[in-house]
Amino acid sequence: MKDSPTTEAVERLLAEGLDHYAARREEEAIAAWQRVLMLAPDHPQALDYLRAAGAEPEPRPLAPVIDLEERRPKDANAWRNQVVEAVRERRYEQALEILEAAREQNPGDPSVGKSISNLKSKLVVVYAEQLGSLDTVPTPAKDWGTKDPEALAVLGFVDGVCSYDEILDASPLGRFRSLRVLARHFGGTTRMDPARREEEFQKQFNAAIAASLAGRYEQALELFQRCDVLKPGDPRVALNVQRIAGRSQR
């Protein structure tokens, strides 16, 4: 589905602000992010950037934004380069997201389906390695810190008796999706109570935003990936990871 002109204008202004900030043009960066708030009040990304830059959000009336990006030709195969870059940097889940979006835009392209299948096979191995022995019995929690129906469908089988392998057999979601849930909650990370997990997420997220604004994109990407482990599927994290990946294509 194509984004609306307003959505594309917001994305452009966010990116322009980052470019200005990286070039130490703080006033221009802040102005760009303030304009985002005129199009999308309380936009979380713009608010994060403004606060990280030490500015208070103070939206003011502006003339309508004309999105010139609509008139520019777009590379229909740009996603291929993004996938290659993501795989090279071992950002396999992001590569899968790009491929799934490409499949929606190119439903008749068999190479997309084949790439998705190959990448899922790779991720199954990665998730299994993160969990260690599949004979391990994971410890249940009173509160998993998520409302995601897919995650809860799998975590509901964690009872302190069943092993990972038994949970995978019992889960109705299939091996790939079930492994993904288990890896995100148990793979190489210490279990935290929800309050501690949220505190750590916010700490890592703030550090990632600061690194991104300072142009330290490699460090920012690493920090955002830590955030994704702490709070899988957070849209702010996904948006920032995509934006950093996009910069590498310029």
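Before moving on, here are some points about what is shown:
- Selection count where residues are surrounded by fewer than 16 Cβ atoms within 10 Å (Cβ to Cβ), among the aliphatic types (A, V, I, L, M) and out of contact with any Lys or Arg (no Cβ under 7 Å at 6 or more places or on another chain), scope region 138-167: 3
- Selection status of LYS231, charged (D, E, K, R) and modelled with pLDDT of 85 or more: no
- No other residue among ALA220, ALA208, ALA214 is at pLDDT 85 or above, in contact with a Cys (Cβ under 9 Å, 6 or more places away or on another chain), among the aliphatic types (A, V, I, L, M) and farther than 26 Å from LEU155 by Cα apart from ALA208.
- Breaking point among (1) touching a Ser or Thr at 6+ places or on another chain (Cβ under 8 Å); (2) at pLDDT below 80; (3) of a type in the set (A, V, I, L, M), for ALA23: (1)
- Looking across region 104-140, just one residue is more than 28 Å from LEU155 (Cβ to Cβ) and among the basic types (Lys, Arg), and that is LYS114.
- Within region 154-184, the set of residues being in contact (Cβ under 8 Å) with a residue 24 or more places away in the chain, more than 23 Å from ILE116 (Cα to Cα) and not acidic (Asp, Glu) comprises LEU155, VAL161, CYS162, SER163, TYR164, ILE167.
- Scan of region 109-163 for residues that are touching a Phe, Trp or Tyr at 6+ places or on another chain (Cβ under 9 Å), within 13 Å of HIS185 (Cβ to Cβ) and of a type in the set (A, V, I, L, M, F, W, C), ordered by number: LEU131, ALA151, LEU152, LEU155, VAL158
- In region 163-188, the residue that is farthest from CYS227 (Cα to Cα) out of those that are aromatic (Phe, Trp, Tyr) and at pLDDT 90 or above is TYR164.
- Qualifying residue in region 29-48 (condition: loosely packed, with under 10 Cβ neighbours inside 10 Å and at pLDDT below 75): no
Residue by residue, here is whether (1) modelled with pLDDT under 90; (2) in contact with a strand residue (DSSP E or B) (Cβ under 6 Å, 6 or more places away or on another chain); (3) of a type in the set (A, V, I, L, M) holds:
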site: GLU150; (1), (2), (3): yes, no, no
site: VAL158; (1), (2), (3): no, no, yes
site: VAL161; (1), (2), (3): no, no, yes
site: THR190; (1), (2), (3): yes, no, no
site: PHE201; (1), (2), (3): yes, no, no
site: ARG226; (1), (2), (3): yes, no, no
site: LEU239; (1), (2), (3): yes, no, yes
site: GLN242; (1), (2), (3): yes, no, no
site: ARG247; (1), (2), (3): yes, no, no
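- Test: residue in region 50-62 that is modelled with pLDDT of 80 or more and assigned to a helix (DSSP H, G or I): no
The values are calculated or read from the model by the stated rules, or taken from the named source; none is laboratory data. Just so it is clear, the model here is predicted, and its values are computed rather than measured. Neighbour counts run over all protein chains shown; Cβ positions are idealised from the backbone, glycine included.
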